[in-house]
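See below for the structure under consideration.
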Amino acid sequence: MEHQKAVRSKEEIREEFLTDKTESYLIKLDDTYIGMLEYMRKNPKDGYFWLGFLLIHGDYQGYSFGTQAYLHLEEQVREMGVAAIRLAVLVKNESGRRFWERLGFTYYDTTVSNHGNEVYCLEKQLL
């Protein structure tokens, strides 16, 4: 469930993912799409690189695919000369927060997302 909805319409998906503000990529294992990630190179609110989300299908979780996808992205971001990556994780998503903390992210704030959910803001310094 995302944004308190079990299913989203094609129009809602188009509006959120096909924008000029973010870049979205599918994660593929062999011939199967197993996930997706989205980021914003420079958030207009704070000027930081923001990882919007990293999603791995439930059948493929626990096999390090999310970690591998993130580390690949981090390598590319470092090559761009980006100093830090920021992201937000739902307060109620403890496993998500632990995942990001294992990858070196640290807490810096609690706020409310654009969708009205309380989130922890995390950051990882790269340079």
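Observations on the structure shown:
- Boolean, G66 is in contact with a Gly (Cβ under 9 Å, 6 or more places away or on another chain), of a type outside the set (F, W, Y) and over 22 Å from T110 (Cα atoms): yes
- Residues satisfying the criterion are present in region 3-26 (criterion: more than 20 Å from H115 (Cα to Cα), in a strand (DSSP E or B) and modelled with pLDDT of 70 or more).
- Note on region 42-121: enclosed strands (runs of 3 or more DSSP E) holding 2 or more residues that are at pLDDT 95 or above and crowded, with 16+ Cβ neighbours inside 10 Å are 49-56, 84-90.
The values are calculated or read from the model by the stated rules, or taken from the named source; none is laboratory data. Remember, it's a predicted structure, so these values are computed and weren't measured experimentally. Every residue, glycine as well, gets a Cβ built from its backbone with ideal geometry; the counts of neighbours run over all protein chains shown.
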